[in-house]
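Report on one structure; see the data block that follows.
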Amino acid sequence: MIKNLEKDEIDYILKNNYIGHLAYIHQGKPFIVQITYFFDETNNAIICYSGEGHKIAAMRKNNDVSLQIAEINSINNWKSILVHGKFEQHFGSDAKSYLHLFSLGVKDIITEKEQWKPDYISDFSSKLYKEEIPIVFLIKIENITSKKRLS
């Protein structure tokens, strides 16, 4: 039977995962890419970073985005949430602060779930070229839809 998740189940999935699928629109077509994220509960936002490119250019033009996060154990045992929100780029000290929170948060999740402690962002997230300044952005959460199937 497929049902909606309760709020505590949604919160658990957001707080205890760090990889999702980001959906955005470019030239009228949907794109989906895997991305590392951290849920900032205080600001009710998803923190991410990226290098300059297609995804960032597209989200600057159309800031409506979604992030899908799933926990799949089997075909009859899964939970999935879809975060709907707005892309919001940050700069300067705000960006640095968010990137620091992202790094510490994801490191804690990995340490807890996977039993190893990463040292650097590059241990668990896309590597950026050394001369490239990361673009830090939030997905300001507007609403969340969810489903689960448990046998």
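The values are calculated or read from the model by the stated rules, or taken from the named source; none is laboratory data. None of the values given here were measured: they were computed from a predicted structure. Cβ sites come from the backbone with ideal geometry, for glycine too, and all protein chains shown count toward neighbours.
I'm trying to understand the selection: among the residues of the range 11-39, which are hydrophobic (A, V, I, L, M, F, W, C) and either surrounded by fewer than 19 Cβ atoms within 10 Å (Cβ to Cβ) or in contact with a His (Cβ under 6 Å, 6 or more places away or on another chain) (or both)?
Ile19, Ala23, Ile25, Phe31, Ile32, Val33
Which pairs do you get when a residue that is part of a strand (DSSP E or B), found in the range 1-26, comes within reach of a residue that is of a type in the set (Gly, Ala, Ser), reach meaning Cβ atoms under 6 angstrom, with the pair 6+ apart or on two chains?
Ala23/Ser66; Tyr24/Ala58; His26/Ala58
Within the range 27-63, how many residues turn out to be part of a helix (DSSP H, G or I) and at pLDDT 95 or above?
Of the residues in that region, 7 qualify.
Search the range 33-46 for residues that are of a type in the set (Phe, Trp, Tyr) and pair each with any residue that is assigned to a strand (DSSP E or B) when their beta-carbon atoms are under 7 Å apart and the residues are at least 6 apart or on different chains.
Here the result reads Tyr37/Gly20; Tyr37/Ile46; Tyr37/Ile47; Tyr37/Cys48; Tyr37/Leu67; Phe38/Ile47; Phe39/Ile46, each pair linking the range 33-46 to a residue that is assigned to a strand (DSSP E or B).
Tell me yes or no: at least one residue of the range 97-107 is within 17 Å of Glu9 (Cβ to Cβ), among the polar types (S, T, N, Q) and at pLDDT below 95. Lay out the reasoning, then the answer.
Pass one, the range 97-107, residues within 17 Å of Glu9 (Cβ to Cβ): none.
Within the range 97-107, none of the residues are within 17 Å of Glu9 (Cβ to Cβ), among the polar types (S, T, N, Q) and at pLDDT below 95.
Say whether the condition of being touching a strand residue (DSSP E or B) at 6+ places or on another chain (Cβ under 9 Å), more than 27 Å from Ser151 (Cβ to Cβ), among the small types (Gly, Ala, Ser) and not in a strand (DSSP E or B) is met by at least one residue in the range 77-91. First the steps, then the outcome.
The first filter runs over the range 77-91 and keeps only residues touching a strand residue (DSSP E or B) at 6+ places or on another chain (Cβ under 9 Å), leaving 77-91.
Add one more test, that the residue is more than 27 Å from Ser151 (Cβ to Cβ), and what stays is 84-91.
Right, trim to among the small types (Gly, Ala, Ser) and you get 85.
Add one more test, that the residue is not in a strand (DSSP E or B), and what stays is none.
The answer is no, given that none of the residues of the range 77-91 is touching a strand residue (DSSP E or B) at 6+ places or on another chain (Cβ under 9 Å), more than 27 Å from Ser151 (Cβ to Cβ), among the small types (Gly, Ala, Ser) and not in a strand (DSSP E or B).
Against the conditions (1) of a type outside the set (D, E, K, R); (2) modelled with pLDDT under 90; (3) touching a helix residue (DSSP H, G or I) at 6+ places or on another chain (Cβ under 6 Å); (4) farther than 15 Å from Ile19 by Cβ, where does Ile121 fall short? Just the number, please.
Result: Ile121 fails condition (4) only.
Given (1) touching a residue at least 24 places away in the same chain (Cβ under 8 Å); (2) over 16 Å from Leu138 (Cα atoms); (3) of a type in the set (Val, Ile, Thr), identify the lone condition not met by Ile72.
Evaluating Ile72 over (1) touching a residue at least 24 places away in the same chain (Cβ under 8 Å); (2) over 16 Å from Leu138 (Cα atoms); (3) of a type in the set (Val, Ile, Thr) leaves (1) as the failure.
Hey, among the residues in the range 124-151 that are among the hydrophobic types (A, V, I, L, M, F, W, C) and either assigned to a loop (DSSP other than H, G, I, E, B) or more than 17 Å from the chain's Cα centre (by Cα) (or both), which one's modelled with the lowest pLDDT?
Leu128
Restricting attention to the range 47-66, and to residues there that are surrounded by 14 or more Cβ atoms within 10 Å (Cβ to Cβ), free of Cβ contacts under 8 Å to residues at least 40 places away in the same chain and closer than 20 Å to Ile133 by Cβ, which single residue is nearest to the chain's Cα centre (by Cα)?
For the range 47-66, the residue satisfying everything is Lys55.
Name every residue in the range 71-93 that is of a type in the set (A, V, I, L, M) and within 15 Å of Phe39 (Cβ to Cβ), in order of residue number.
Ile81, Leu82, Val83
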